[in-house]
Every structure is written in structure tokens, then in C-alpha cells.
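Right, one structure below, let's go through it.
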Amino acid sequence: MCVYVTMPGDATEIDDRRQRERTCVALDLRLVAPEVPVSAPSRTINLSPHGAFVRTSRPLPVGTRLQVALYRGEHRNPLTLEAVVVRAHPDDAGRARGMAVKFTDLTPLDENIVAELIRRARC
């Protein structure tokens, strides 16, 4: 499990409202944002059944809707989930460059698959 320390008034206080704990998981993925001409490979830093922090050199603006395709292995189709950017860190000192995304419209099957990915791919 990842542990994050926040200071009062810090933008990361939103972490305290998270429904599920994040787990350090490094998974390859592809981001596709229809609103912005972006389709880029990337990697998760951490993952929960409801969202992820994604390492990227060009974080998208907060509120951007996108698709996140999580690679599940060589002989499996990626799990493609709808998501929205909830936080972006372009060059903040001391923080990983990237963005936090919240998965939207998850089915119970999607949640189970993400939970299984977390179990199999912990850092």
C-alpha cells in the first residue's frame, strides 16, 4: 500500500476523500482523449478499483474525459475504462509528474477485473 502525507490546505487533501485505498501498481496502459488529440502509452504509479495515478510528461487538464486501456497481459485484450482527470501535476516539486484519473461508469465486472489486476501486479 502507498502512504501519502498531506498538509492542511494542500491540494492532495482530496486523497482523504478517496473511497478505496491506492496500491502501488505499475501497469502499462494507453490513454485516449477524444477532446484533445492524444493517444499515448503510459504507466500507472498506483491504482485502486476506482482510479489511478498515471505517469505522463503531459498531464491533461482537470475535467478532461478520456479512455484508459489497461494492459492485462500478452494474450488478453486490454481493459478499456472511461475516466476523467481529477488532478494534474505538470512540474510540481517533490511530486511525480502525471495525473490522477477517476474511472467512471464502472460495472461490477470492471471493478472485479481491476481488483484482480491490483492483486497480480503490486510493486
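The values are calculated or read from the model by the stated rules, or taken from the named source; none is laboratory data. Here the structure is a predicted model, which means the values were calculated and not measured. Neighbour counts run over all protein chains shown; Cβ positions are idealised from the backbone, glycine included.
Ile45 satisfies every condition listed in (1) surrounded by 14 or more Cβ atoms within 10 Å (Cβ to Cβ); (2) modelled with pLDDT under 90 except (2). Of the conditions (1) surrounded by 12 or more Cβ atoms within 10 Å (Cβ to Cβ); (2) polar (S, T, N, Q); (3) at pLDDT below 85; (4) under 19 Å from Val114 (Cβ atoms), Gln19 clears all except one; give me its number. Here Gln19 clears every test but (1). In summary, Leu106 fulfils each of the numbered conditions (1) among the hydrophobic types (A, V, I, L, M, F, W, C); (2) under 16 Å from Val54 (Cα atoms); (3) over 13 Å from the mean Cα position of the chain (by Cα) with the single exception of condition (2). Would you please name the residue that is surrounded by the most Cβ atoms within 10 Å (Cβ to Cβ), looking only at residues in the range 84-101 that are at pLDDT 95 or above and farther than 16 Å from Leu27 by Cα? It comes out as Val85. Note on the range 64-110: residues that are in a strand (DSSP E or B), charged (D, E, K, R) and closer than 22 Å to Ala121 by Cα amount to 2.
Table: residues versus (1) under 17 Å from Thr104 (Cβ atoms); (2) at pLDDT 90 or above; (3) not aromatic (Phe, Trp, Tyr).
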position: Arg30; (1), (2), (3): no, yes, yes
position: Ser39; (1), (2), (3): no, no, yes
position: Val54; (1), (2), (3): yes, yes, yes
position: Thr64; (1), (2), (3): yes, yes, yes
position: Val68; (1), (2), (3): yes, yes, yes
position: Gly73; (1), (2), (3): no, no, yes
position: Asn77; (1), (2), (3): no, yes, yes
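For the range 52-83, taking the residues that are buried (at least 16 other Cβ atoms within 10 Å of the Cβ) and of a type in the set (Val, Ile, Thr), the one that is farthest from Pro41 (Cα to Cα) is identified as Thr64.
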